[in-house]
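Structure, as structure tokens:
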Amino acid sequence: LESALTATNKQPRSYYYHMRGDKRENPELSLTDSPNTPIVYHLFGTARDPGSLVLSENDLLDFLIRIASDRPPLPTSLVRALKRSGQSFLFVGFGIRQWYPRLLLKIFLRVLDLQSGSAFAAESLHGLTELDREQTVLFYQRGTRIEVADTHVTAFLAELGTRLEKAGGFVGGSRSLARQPRVFISYASEDRD
């Protein structure tokens, strides 16, 4: 993601959460409102610091406990950014059908007291039974107030691009972000291409 942003003349700034570290190893973020300097936050650690990585299922359980118990806490500046009205997020690397993103979103909504507005998730639920598909969609609608678009990410992005063009394209940072929809796009490893 950082390479893709750099290729489009952005200057991404990279931070990561170190679940085995302390406050010093989870420094505050330098936030700007410029789309030219986006933040890429590696919630499950980074290979640049192997001790920070969440790799196994046991690590994942420890990670969820540490996030929920605030030990170590997420940087205050990151929590403030997550709470900003109209904020957009891109969660990359896991599918919404799994149990751990469900738990993580619940933690973000409840423990961090995030306010959710209009939010959408795009992921193909192909391969699920009708009952499993309905339960997945209902979980996100009721449990996290996220609308699920049961579609392939490519089709979702094409429709998003069409609607953005019809609305006049990107207008820059001058327009207020209040009451804008938030978009959650997730992909599974089989969607990598």
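The values are calculated or read from the model by the stated rules, or taken from the named source; none is laboratory data. Since this is a predicted model, take the numbers as computed values, not measurements. Cβ sites come from the backbone with ideal geometry, for glycine too, and all protein chains shown count toward neighbours. The accessibility values were calculated without ligands, DNA or RNA, using every heavy atom of the protein model including side chains. Shrake-Rupley method; radii C 1.70, N 1.55, O 1.52, S 1.80 Å.
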Globularity index of region 35-88, i.e. its alpha-carbon radius of gyration over 2.2 N^0.38 Å: 1.30
In nm, spacing of pseudo-spin labels at Val40 and Gln135 (7 Å Cα→C-beta vector): 3.6 nm
Net lengthening on full extension, Thr76/Asp113 (0.36 nm per residue, minus Cα-Cα): 12.0 nm
For Glu147, residues with placed amide H under 5 Å, excluding near neighbours: Ala119, Phe120, Ala121
Over region 1-62: Kirkwood hydrodynamic radius from C-alpha pairwise inverse distances, Å: 12.9 Å
Qualifying lysines (Cα of each under 23 Å from Cα of Lys23; at least 8 residues distant if same chain): Lys83
Amide hydrogen neighbours beyond the local backbone of Tyr16, cut-off 5 Å, H modeled: His42
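Need the full-extension length gain, Leu61 to Lys166, defined as separation in residues times 0.36 nm minus the C-alpha distance. One decimal, nm.
Working: separation 105, 0.36 × 105 = 37.80 nm, distance 4.40 nm.
My answer for the length gained is 33.4 nm.
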Accessible heavy-atom area order of Ile65, Ile146, highest first, probe of 1.4 Å: Ile65, Ile146
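Net charge around Ile39, counting only other residues with Cβ within less than 15 Å of its Cβ (Lys, Arg = +1; Asp, Glu = -1)? Numbers along the way, then the final one.
Details: positive: Lys10, Arg13, Arg80, Lys83, Arg84; negative: Glu2, Glu28, Asp33.
The answer is +2.
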